[in-house]
Amino acid sequence: MICGVHRGILGGTFDPPHLAHLVAGETAYRDLGLEVVTYIPTGAPWQKQGREVTPAVHRWEMVLRAIEGVEYFRADDREIRREGWTYTIDTLNTFPADEHLTLIMGADTAAGILSWDRYEPVLERADIAVYPRPGTTREAVEVALVDADFVWLDAAELDIEATDLREHARANGSLRFLVRDAVWRYIQRHEVYLP
């Protein structure tokens, strides 16, 4: 019987971590009675092979700043410390067996879960909580997760995409009020997205 910590896990590239990520974590924490929400930036995300990903050191520092001051949010660097491609099931298996894990993901990610490497053991190890994302219907998620139990979170649907934020920043646009202030200042200071 699982009787340890009830932990929400929100993984992603976090390039950059933005307000939709924080709203998702907050909603899951409140709605599901989680004890902690752990943000895990991906190390070498295998599904992004061939695409440019901001160095892990910057993504890690931005996550630290994004969750700062929220006592039930944690940042975890286990994936960025791991060598080679990172897979969700390998990460889940590094948590103690007595922890109750809930994987928090956007509807777009949930709808594509059948493309994941070893997705079946992911569904066995963790509960799934899905938050709405623009362009992905609840029906698409239900089709993908037809054999899995999942919770649909009543989160505000924020139309914020990290890809758009990076492009905006590269064009010298401001990300202020789309990311937390400390993240915005970090991006400016380190010129994270400038060409």
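Report yes if Tyr39 is of a type in the set (Phe, Trp, Tyr), surrounded by 16 or more Cβ atoms within 10 Å (Cβ to Cβ), under 24 Å from Ala107 (Cα atoms) and in contact with a Leu (Cβ under 7 Å, 6 or more places away or on another chain), otherwise no.
Numbers: of a type in the set (Phe, Trp, Tyr): yes; surrounded by 16 or more Cβ atoms within 10 Å (Cβ to Cβ): yes; under 24 Å from Ala107 (Cα atoms): yes; in contact with a Leu (Cβ under 7 Å, 6 or more places away or on another chain): yes.
Against the criterion (of a type in the set (Phe, Trp, Tyr), surrounded by 16 or more Cβ atoms within 10 Å (Cβ to Cβ), under 24 Å from Ala107 (Cα atoms) and in contact with a Leu (Cβ under 7 Å, 6 or more places away or on another chain)), Tyr39 qualifies.
Per the conditions (1) among the β-branched types (Val, Ile, Thr); (2) within 30 Å of Ala97 (Cβ to Cβ); (3) in contact with a strand residue (DSSP E or B) (Cβ under 8 Å, 6 or more places away or on another chain), the sole criterion not satisfied by Val146 is (3).
Looking at the stretch 70-102, which of the residues that are of a type in the set (D, E, K, R) and farther than 15 Å from Leu34 by Cα is farthest from the chain's Cα centre (by Cα)? If you could, list the steps in order and put the result at the bottom.
Pass one, the stretch 70-102, residues of a type in the set (D, E, K, R): 71, 74, 76-79, 81-83, 90, 98-99.
Next, only the ones that are farther than 15 Å from Leu34 by Cα stay: 76-79, 81-83, 90.
Values: Asp76: 12, Asp77: 13, Arg78: 14, Glu79: 12, Arg81: 17, Arg82: 17, Glu83: 20, Asp90: 16 Å.
Within the stretch 70-102, the match that is farthest from the chain's Cα centre (by Cα) is Glu83.
Every residue, every condition in (1) surrounded by 19 or more Cβ atoms within 10 Å (Cβ to Cβ); (2) within 23 Å of Thr27 (Cα to Cα), yes or no:
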position: Tyr87; (1), (2): yes, no
position: Asp90; (1), (2): no, no
position: Thr94; (1), (2): no, no
position: Thr109; (1), (2): yes, yes
position: Asp117; (1), (2): no, no
position: Glu139; (1), (2): no, yes
position: Asp154; (1), (2): no, yes
position: Leu158; (1), (2): no, yes
position: Asp164; (1), (2): no, no
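Condition check: among the small types (Gly, Ala, Ser), part of a loop (DSSP other than H, G, I, E, B) and free of Cβ contacts under 8 Å to residues at least 24 places away in the same chain. Does Gly4 satisfy that? First the steps, then the outcome.
Working: among the small types (Gly, Ala, Ser): yes; part of a loop (DSSP other than H, G, I, E, B): yes; free of Cβ contacts under 8 Å to residues at least 24 places away in the same chain: no.
No; evaluated as a whole, the condition is false for this residue.
Restricting to the stretch 107-137, name every residue that is within 17 Å of Arg7 (Cα to Cα) and in contact with a strand residue (DSSP E or B) (Cβ under 8 Å, 6 or more places away or on another chain). Selection gives Val122, Arg125, Ala126, Asp127, Ile128, Ala129, Val130, Tyr131. The residue that is farthest from Arg176 (Cα to Cα), among those in the stretch 10-38 that are touching a Gly at 6+ places or on another chain (Cβ under 8 Å) and without any contact (Cβ under 8 Å) to a residue 40 or more places away in the chain, is Val36. Name the residues in the stretch 130-151 that are closer than 25 Å to Thr94 by Cβ and touching a Phe, Trp or Tyr at 6+ places or on another chain (Cβ under 7 Å), would you? Scanning the stretch 130-151 gives a single hit, Val130.
Can you find a residue that is touching a residue at least 60 places away in the same chain (Cβ under 8 Å) and farther than 22 Å from His190 by Cβ anywhere in the stretch 72-81? Don't jump to the end; show me each part of the working.
Looking only at the stretch 72-81, we keep the residues that are touching a residue at least 60 places away in the same chain (Cβ under 8 Å), and these are 79.
If we keep only those that are farther than 22 Å from His190 by Cβ too, we end up with none.
Within the stretch 72-81, not a single residue is touching a residue at least 60 places away in the same chain (Cβ under 8 Å) and farther than 22 Å from His190 by Cβ.
All of (1) over 21 Å from Glu52 (Cα atoms); (2) out of contact with any strand residue (DSSP E or B) (no Cβ under 8 Å at 6 or more places or on another chain) hold for Arg170 with one exception: (1). Checking the stated criteria, Ala75 turns out not to satisfy the condition of being at pLDDT 95 or above and crowded, with 20+ Cβ neighbours inside 10 Å.
Identify, please: which residue in the stretch 7-61 is in a loop (DSSP other than H, G, I, E, B) and β-branched (Val, Ile, Thr) and is, among those, modelled with the lowest pLDDT? Ranking the qualifying residues of the stretch 7-61, first place goes to Val53.
Residues that are in contact (Cβ under 8 Å) with a residue 24 or more places away in the chain and under 18 Å from Leu10 (Cα atoms): find the strands (runs of 3 or more DSSP E) completely inside the stretch 85-195 holding 3 or more of those. Show your work before the answer.
Details: elements: 100-106, 126-131, 150-152.
Those strands (runs of 3 or more DSSP E) span 100-106, 126-131.
The values are calculated or read from the model by the stated rules, or taken from the named source; none is laboratory data. This structure is a prediction, so every number in the text was calculated from the model and none was measured. Backbone-built Cβ (ideal geometry, glycine too); neighbour counts: all protein chains shown.
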